[in-house]
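Accompanying notes for the structure given below.
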Amino acid sequence: MTFTTIISAADLAREIGRCVVVDCRHDLFDPEAGPAGYRAGHIPGAFYLHQDTDLAGAKTGRNGRHPLPGREAIRKLLERLGLSDGDQLVAYDTSGGQMAVRLWWLARWIGHHEVAVLDGGLAAWQRAGQELSVAVPPQPQPGELALRASLAPSIDVTGVQAALASGTPTIVDARTAERYRGDAEPIDPVAGHIPGAINRPMPDNLQPDGRFKEAAVLRAEFAALLGDVAPANVAHHCGSGIAGCHNVLAMELAGLGGSLLYPGSWSEWCADPNRPIATGAAP
């Protein structure tokens, strides 16, 4: 079977021997928490990739907290995990997919179609009665993975600036309402949001147990948020380009595929004092 959005714990348990599984857990305030959690117990056979290093490029101070790595760098990284064309890749975390979606998006960005997020993450795996392991898997035989046309459209800061004048695309901010309004900013040096952006906090995509809401529910909620705006005219962002991928995936689940990601996100936008900033609730 091929999974391209999410995969249930039951399906992963059946397919695990035929998947490359990656633990993506991460804490923005404690970079060592993810590796420590992995060492304490992870899905058997899973590898670990770090958001700050493995899944991000070099920072310049003006390109955000998690700038995109090169496409070739991601291709080589996944090959080292044994991934080949056509192989199923599965990403998981302990935060409702908030971190795992980064790898989902990056794999699609290099054209790999067979990638999914474990719905409900590690908690769902354990609720399904599956065991954890502390064993680090041996280095696999390198895979053979080709760079293909991107399946993950994006927009850069210049495109976002143009949207301020034209109104297209519609900018959607995945951060919490408090951060969007500028009431609090625990991570970046400037509070507020991109003028004209609307707010869809990432947790709104989830049920109380950390699994994604049903497709029909997500579709209705995004319709209420976006009206008749086509997915190709919607650009998501967050603080540093990670959680914004969650809204991209949620729209895919809702049957609204093709929305864009602004990878630099708020941390890139606010790094230039000449860029406008808004505060308060959306009008």
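Among the residues of the stretch 1-53, the ones that are in a strand (DSSP E or B) and over 15 Å from SER133 (Cα atoms) come to 4 in all. Filtered by the rule that a residue be part of a loop (DSSP other than H, G, I, E, B) and in contact (Cβ under 8 Å) with a residue 60 or more places away in the chain, the stretch 236-255 gives CYS238, GLY239, SER240, GLY241, ILE242, ALA243.
SER150 meets all of the listed conditions (1) within 15 Å of the chain's Cα centre (by Cα); (2) exposed (fewer than 14 other Cβ atoms within 10 Å of the Cβ) but one, namely (1).
For (1) farther than 26 Å from LEU253 by Cα; (2) free of Cβ contacts under 8 Å to residues at least 12 places away in the same chain; (3) assigned by TED's automatic domain parsing to the domain that holds ASP228, each residue gets a yes or a no:
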| residue | (1), (2), (3) |
| --- | --- |
| ALA107 | no, no, no |
| ALA116 | no, no, no |
| ASP119 | no, no, no |
| ALA123 | no, no, no |
| LEU132 | yes, no, no |
| ALA135 | yes, no, no |
| GLN141 | yes, no, no |
| GLU144 | yes, no, no |
| GLY167 | no, no, yes |
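Taking the listed residues GLY258, GLY227, the one that is touching a residue at least 40 places away in the same chain (Cβ under 8 Å) and either touching a helix residue (DSSP H, G or I) at 6+ places or on another chain (Cβ under 6 Å) or not charged (D, E, K, R) (or both) is GLY258, with no other qualifying.
Taken together, the residues in the stretch 196-227 that are exposed (fewer than 15 other Cβ atoms within 10 Å of the Cβ) and in contact with a Leu (Cβ under 8 Å, 6 or more places away or on another chain) amount to 0.
The values are calculated or read from the model by the stated rules, or taken from the named source; none is laboratory data. Here the structure is a predicted model, which means the values were calculated and not measured. Note that each Cβ is placed from the backbone with ideal geometry, even for glycine, and that neighbours are counted across all protein chains shown.
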